[in-house]
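Report on the following structure.
The values are calculated or read from the model by the stated rules, or taken from the named source; none is laboratory data. Just so we're clear, the structure is a prediction, and the values are computed from it rather than from any experiment. Quick reminder, even Gly has a Cβ in these numbers, built from the backbone with ideal geometry, and neighbours come from all protein chains shown.
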Amino acid sequence: MEVTSPLTFEISGEPFLLEKRIRLLHAIEEHGSISKAAKAVPMSYKSAWEAVDAMNSLSPEPIVIRETGGKDGGGTTITAYGVMLLKNYALLREEHSRFLARLSELTDIENGAFKTIGRLGLQISARNQIQAEVTGVVPGEVNAKVSLKLKSGQELLSIITEEAVENLHIEAGQTVTAICKSSNVEIVQESVENRVENRLGGTIIQVEKDTLNVKVSVDIGNHDRIVSVMPLEKAQHLILTEGSRVVVAVDAKNIMVGR
């Protein structure tokens, strides 16, 4: 038994993008003709135009336009906005399929046991969650080394269990989320040596203090931020001013990977 579910988008409570409409848009993009696209889906010519009119009516911009004239007598064309919608839908469809696959793994549908379903909606308290690309995985008997590349081009190393790599199906080329607690992020000056595996250059963009702690937000490039929280007495030995260049150091074992 499998878990399946259609992916549908609504606007103002009205169905907007359904899977059959997506197939119609792809067919229009391929054939440049509403009649040929309708046959390819398949659906009637009338239903195809009704679907197109409904999508155009609900959309903030036209998705399909009719072209008249020309040596071929005109045709039907997907707009640039429509092409963008198709690309975004494909990405969301991939995530939707991944969610359903994970749901099947976590639940015993045959026996009606859905106790673990809440894990799918789990939210974590770790402050730092940064998108990264997996550039390599080095397996080990117990732990594996996962190399990550951030949007800025800077690199991270995460050491997680081999079991986690297998359960999450982590492999090179995937987009994942690098996760670490703010208390595990160390701030050092650029000139200071540090043996921690991960050292990211950045610029302090915000410093907040209370009677016990200091929270430092660092821009590490391409709109990625990482936050460090440290005791006030430790911060007194550092130059923590907005605009200062610093190095963010994080132990590889303190970086979790999510997907």
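Points to keep in mind about this one:
- Residues considered: S182, S158, S147. Of these, the only one that is farther than 26 Å from A101 by Cα, assigned by TED's automatic domain parsing to the domain that holds A252 and surrounded by 12 or more Cβ atoms within 10 Å (Cβ to Cβ) is S182.
- The stretch 40-53: number of residues that are in a helix (DSSP H, G or I) and exposed (fewer than 15 other Cβ atoms within 10 Å of the Cβ): 5
- The set of residues in the stretch 133-181 being within 11 Å of V257 (Cβ to Cβ), assigned to a loop (DSSP other than H, G, I, E, B) and not aliphatic (A, V, I, L, M) consists of Q174 alone.
- Odd one out for T241 among (1) assigned to a strand (DSSP E or B); (2) surrounded by fewer than 19 Cβ atoms within 10 Å (Cβ to Cβ): (1)
- Subset of the stretch 137-159 that is in contact with a Leu (Cβ under 9 Å, 6 or more places away or on another chain) and not polar (S, T, N, Q) - its residue that is farthest from N222 (Cα to Cα): K145
- Neighbours by Cβ (under 7 Å, 6+ apart or cross-chain): first from the stretch 56-73, at negative phi and loosely packed, with under 10 Cβ neighbours inside 10 Å; second in a strand (DSSP E or B) and at pLDDT 85 or above: none
- Within the stretch 167-207, considering residues that are acidic (D, E) and at pLDDT 90 or above, the one nearest to the chain's Cα centre (by Cα): E171
- Yes/no for V83 being assigned by TED's automatic domain parsing to the domain that holds S182 and modelled with pLDDT of 80 or more: no
- Only residues that are of a type outside the set (G, A, S), closer than 18 Å to A48 by Cβ and touching a residue at least 40 places away in the same chain (Cβ under 8 Å) were counted in the stretch 77-88, giving 4.
- Checking each residue in the stretch 1-40 for being under 30 Å from the mean Cα position of the chain (by Cα), hydrophobic (A, V, I, L, M, F, W, C) and at pLDDT 85 or above picks out I22, L24, L25, A27, I28.
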